[in-house]
Structures are given as C-alpha cells and as structure tokens.
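Each remark here refers to the structure printed beneath this line.
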Amino acid sequence: MGAESDLNRYRPRNDRPSPDAVVIRRTLAEIEPVSDQATAYFYALLFLHNPQLRDMFPAAMDAQRDRLFGALLVAAEHIDDTVTLTDYLCNLGRGHRKYGTRSDHYPAVGECLMLSLERYATSTWGPEAEAAWVRAYTAISQIMIDAAAEDELRAPPWWFAEIVSHERRTSEVAVVTVRTDQPYPYRAGQYASIETPWWPRVWRYYSFASSPRSDGLLSFHVKAVPAGWVSRALVHRARRGDVIKLGPPAGSMTVDHNSSRGLLCVGGSTGIAPIKALVQDVAQHGVRRQVEVFFGANRDSDLYDLDSFLELERRLPWLSVRPVVAQYATRGFPGQLPEAVREFGPWGDFDGYLSGPPQMIRKSMDALVSSGIPAERIRHDFLGTLVASGK
Ligand SMILES: Cc1cc2nc3c(=O)[nH]c(=O)nc-3n(C[C@H](O)[C@H](O)[C@H](O)COP(=O)(O)OP(=O)(O)OC[C@H]3O[C@@H](n4cnc5c(N)ncnc54)[C@H](O)[C@@H]3O)c2cc1C
Ligand code: HEM
C-alpha cells in the first residue's frame, strides 16, 4: 500500500501533504513488507486483551482475509483526502452497527493498532509518529462513531432478506434477487454487505444491480472467486428460499442529477451491475442525457449481462454500450478498458463513473483524466474496493 495506491496525486500541486500525512506514510512504508505479521499481531493482541470482542469476528481469521487492520492503514494513508475519507468512514461507521460495535470498543482497537505499529515500524516509530497516528485514529474513529449514532435513530443495523430467485448466468456468475423483511431505501450505484448462513459473521459487499424497484426487490450479480467464502456460497450453494442478512446501503457512485453532462460509465466484470442501476436511474429521471457504457471482461463468455444491456440500448436512444474483451475477443473492442476509453475519447463533456477491481479503477481513472474529465467529476468507490481486495 505505497504511494501507488494514492489518488491524492490528482490534487492541485500547491496542495502539499500535511505533516501528519508525511509521518504516517513513512510508518506505512516500513510496515508494508511485514504487513502480514503486523496484522496477525494486531488481532492476537486485540483478542488477548479483549476476549469479549472475539465472538464479533469470523471464526477463522487470516491476514489474506483481514479487513479491519488493512482499513486502518488505508484510512490513515488517505487522511488528507478529507471528502473521500469522510464519506467512506460514515458508511463504515453505519455498517459497523451490524457487528455490534459500540463507541467504547474504539479505544481497544486504537491501542492494539499503536502497539502493532510500534513493534513493526521500529525505525520510523517515535513520539512524533505516535502523536500523528493518535490524531489520525481519533479523527477516523470519531467520524465512524458519530455516523453510527445518527443512523441508530432511523434504521436497523441489518435487514433479513429471502432469496426469491437465483439465476446462473455463467458457470461462475449468478444473479441473486431478494426480498427484505422491511423497506430498504438505497440509491442506484450503491452497494450493501451480505452475510450468508454458511459463513456466520463474514460479510462481503455486493452492488445493487438495478435502481430501486416498485416491487421492492433487490438484485445482485455475484461472481464466484477462487477459494472465495461468500461469493462461492452465493453462486454455488444459495437457493430460492434461503435467508441472508443485508447491511445498510453504502457508496457514493450515485448519479449527480444536478449535472446536465453525459455519463461515461466504465464497469469491469460484475462492476457492470451498479452501472446498469445508473442507466435505469437516468432513464427514470426523465432528463435526456447521453450515457456511454464500457463493459470490460476477460473473455467473451464473461460478458454475462451484455444481452440485457443491448436490449436497453435498443430502447434508449441516448444509450451506447461497448463491450471490451481482454483475451481472445470475437466481439466488441479487443483490449483493456482504459485503452478502449482513451480510443473513443475525448470525454471532457462527460462525468465519469467507475466500478470494478481497484487496479481497473486506478488505470481507468488515469485514462479518464487524460481524456479530459477532471478528477473531481469522476465517481467511484476506490477506498472500499482497495480495502476489500487487501492490496
Ligand atoms: C464496493 C464493492 C462492491 C462490490 N460489488 C461486487 C459485486 O457486485 N459482485 C461481486 O461478485 N463482487 C463484488 N465485490 C467483491 C466482493 O465484496 C467480495 O470481495 C468477493 O465476492 C470475494 O469475497 P469472498 O468471500 O468470496 O472471497 P474471500 O474469501 O474474501 O477471498 C478469497 C480469495 O480470493 C481473493 N479474491 C477476492 N476477491 C477477488 C476477485 N474479485 N477476483 C479474484 N480473487 C479475489 C482474495 O484475495 C482471497 O485470496 C464488491 C466489493 C466492493 C468493495
Ligand atoms: C477506526 C476504526 C475502525 C476501522 C477503520 C474499521 C474498519 C473495518 C473494515 C473496513 C472492515 C471490513 C468490513 C466492513 O467494511 O464493514 C471491518 C470489519 C470489522 N470490524 Fe472494524 N473498523 C474499526 C473499528 C472497529 C471496532 C472498534 C470494532 C469493534 C470491536 C470493529 C469490529 C469489526 C468487526 C467485527 C468486523 C467484521 C470482521 C471482518 O470483516 O473481518 N471495528 N472494520
């Protein structure tokens, strides 16, 4: 998690990193090569010092599947990126209600974070680094605690949802549709965390694949990843009638209805699901705006939702859909998404929407900026995907 993962380079030149950010990044650079050991140490300390917290976490914990410690490092690294970070942390704080997290748990996590950094960042740790980290952790925690407290007044910590349809689109992708026990308000482009009965206390994020429907049903496109706990259960095991849990809606890749510009939407793999929701949102809004969709896949067979996009394209004169296939392409644009986006630019009159794995978001961000869209007009959930991927 070095400088490469930093979107701040898009800030104006005179906007230098704060002194705390400089110190924090020094610690992070030292931690990076030993992050697996630091993560293991962090959880060992957390559970040894606070055994009452152990039951809140999944039964099996390993560094590859760690989220909390990774998120602390990512959040601290982006401490200067106030708007993005605040948005992400508010969602995270609300989402922590489903784990049973209370405000008095935060000092325990903070203490173990400091002890882990002290142990594994020996050459950069000292009073100055400690003070910078304490300030960052305090700010991060307070945003999460406040967001959770506010959310308590108006929403449950989670929803039950019954699977009403389960449709396999390819050997590894399923469309899962659920009905919630209580109304579930969300916006097109957002996502929710899901817990399945087969992996208790293991929550993973999935994007809504449609804008809010009049029948209240919610759909997700799930791709089973190799050795994936939740994705494989949802694709290969889940059936109609199974009951899962949903966390609150989160994410900021929603349509800016104050803008009259066109929308350039780039979705890789199941990242196309929230893009479909955005297209429906624009259609429902009734204002005619040009929407250009790039749907990226590794192979033709991974274009699992192309037919329904082409059907939308036939009905909606302002919509254009371009498949982009990385290997053995027989349809669409052969190559990678960022190249395709550049090829069809410039895009200065558009707002950008990006959804997919972090590498794809990072490279597409570069492509969009170099094709004329200022960074502040590009929406994505980079921090969330970065933490989830553990990279
Ligand atoms: C904001 C957001 C929205 C998301 N929306 C969707 C969505 O709509 N549909 C969807 O299918 N997924 C989506 N994801 C990814 C999803 O949350 C899970 O990360 C994914 O399903 C893997 O979870 P798992 O429990 O099956 O795998 P884990 O048990 O967490 O991981 C198993 C192994 O697979 C690796 N791995 C994790 N993800 C991938 C991947 N994508 N490809 C290859 N290897 C991987 C891990 O590093 C690990 O080694 C989204 C993620 C985020 C952050
Ligand atoms: C500033 C502090 C914290 C940050 C940045 C943070 C971040 C995260 C993130 C990103 C996840 C991954 C899943 C998700 O997105 O919800 C997570 C999971 C979790 N967090 Fe936190 N967290 C913090 C504090 C806490 C505290 C104080 C507790 C209470 C003990 C807690 C308990 C959990 C649990 C139980 C999980 C689920 C287990 C898992 O997915 O590994 N977190 N945290």
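Results, tabulated for the structure shown:
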| quantity | calculated |
| --- | --- |
| Failed item in (1) surrounded by fewer than 21 Cβ atoms within 10 Å (Cβ to Cβ); (2) within 15 Å of ligand 1 (Cβ to nearest atom), with His285 passing the rest | (2) |
| Matching residues in the range 68-83 - criterion: being assigned to a helix (DSSP H, G or I) and either of a type outside the set (S, T, N, Q) or closer than 19 Å to Pro200 by Cα (or both) | Leu68, Phe69, Gly70, Ala71, Leu72, Leu73, Val74, Ala75, Ala76, Glu77, Val83 |
| Positions within the range 38-67 being in a helix (DSSP H, G or I), modelled with pLDDT under 85, touching a helix residue (DSSP H, G or I) at 6+ places or on another chain (Cβ under 8 Å) and not basic (Lys, Arg), in sequence order | Ala63 |
| Checklist (1) touching a residue at least 60 places away in the same chain (Cβ under 8 Å); (2) among the hydroxyl-bearing types (Ser, Thr, Tyr); (3) surrounded by fewer than 18 Cβ atoms within 10 Å (Cβ to Cβ); (4) assigned to a loop (DSSP other than H, G, I, E, B) applied to Tyr304, failing item | (3) |
| Pair list, Cβ under 6 Å, 6 or more apart: the range 65-79 residue closer than 14 Å to Ala29 by Cα, other residue part of a helix (DSSP H, G or I) and within 7 Å of ligand 2 (Cβ to nearest atom) | Gly70/Val387; Val74/Val387 |
| Members of the range 47-74 that are among the basic types (Lys, Arg) and within 15 Å of ligand 1 (Cβ to nearest atom) | Arg65, Arg67 |
| Scope the range 178-204; condition within 23 Å of Met56 (Cα to Cα) and either touching a strand residue (DSSP E or B) at 6+ places or on another chain (Cβ under 8 Å) or part of a strand (DSSP E or B) (or both); matching residues | Tyr191, Ala192, Ser193, Ile194, Glu195, Thr196, Pro197, Arg201, Val202, Trp203, Arg204 |
| Residue that is farthest from ligand 1 (Cβ to nearest atom) [pool: residues in the range 342-362 that are in a loop (DSSP other than H, G, I, E, B) and either crowded, with 20+ Cβ neighbours inside 10 Å or acidic (Asp, Glu) (or both)] | Asp349 |
| Answer from Asp104, Asp80 - the residue that is modelled with pLDDT under 90 and among the acidic types (Asp, Glu) | Asp80 |
| Residue count for the range 210-251, restricted to those that are farther than 18 Å from Phe160 by Cβ and near ligand 1 (Cβ under 10 Å from one of its atoms) | 14 |
| The range 86-112 residues that are in contact (Cβ under 8 Å) with a residue 12 or more places away in the chain, paired with ones that are among the polar types (S, T, N, Q) and part of a helix (DSSP H, G or I) (beta carbon under 6 Å, 6 or more apart) | Tyr106/Ser141 |
| Residues within the range 86-102 that are surrounded by fewer than 20 Cβ atoms within 10 Å (Cβ to Cβ) and either more than 9 Å from ligand 2 (Cβ to nearest atom) or not assigned by TED's automatic domain parsing to the domain that holds Met144 (or both), tallied | 3 |
| Condition broken by Val291, with the remaining ones in (1) within 16 Å of ligand 1 (Cβ to nearest atom); (2) within 24 Å of the chain's Cα centre (by Cα); (3) over 22 Å from Tyr206 (Cβ atoms) satisfied | (1) |
| Some residue of the range 131-154 being over 19 Å from the mean Cα position of the chain (by Cα) and part of a loop (DSSP other than H, G, I, E, B) | yes |
| Condition met for Tyr106 (aromatic (Phe, Trp, Tyr), part of a helix (DSSP H, G or I), within 12 Å of ligand 2 (Cβ to nearest atom) and surrounded by fewer than 20 Cβ atoms within 10 Å (Cβ to Cβ)) | yes |
| Residue in the range 305-338 that is nearest to Ser219 (Cα to Cα), counting only those that are at pLDDT 95 or above and of a type in the set (D, E, K, R) | Asp305 |
| Filter result for the condition that a residue is touching a Gly at 6+ places or on another chain (Cβ under 8 Å), under 27 Å from Gln182 (Cβ atoms), more than 16 Å from ligand 1 (Cβ to nearest atom) and of a type in the set (A, V, I, L, M, F, W, C), over Ile143, Ile163 | Ile143 |
| Any chance Gly296 is part of a loop (DSSP other than H, G, I, E, B), in contact with a strand residue (DSSP E or B) (Cβ under 9 Å, 6 or more places away or on another chain) and among the small types (Gly, Ala, Ser) | no |
| Enumeration of residues in the range 183-208 that are within 7 Å of ligand 1 (Cβ to nearest atom) and of a type in the set (A, V, I, L, M) | Val202 |
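The values are calculated or read from the model by the stated rules, or taken from the named source; none is laboratory data. What you are looking at is a predicted structure, and each value in this text was computed from that prediction instead of being measured. Methodologically, a virtual Cβ is constructed for each residue, glycine included, from the backbone with ideal geometry; neighbour enumeration extends over all protein chains shown.
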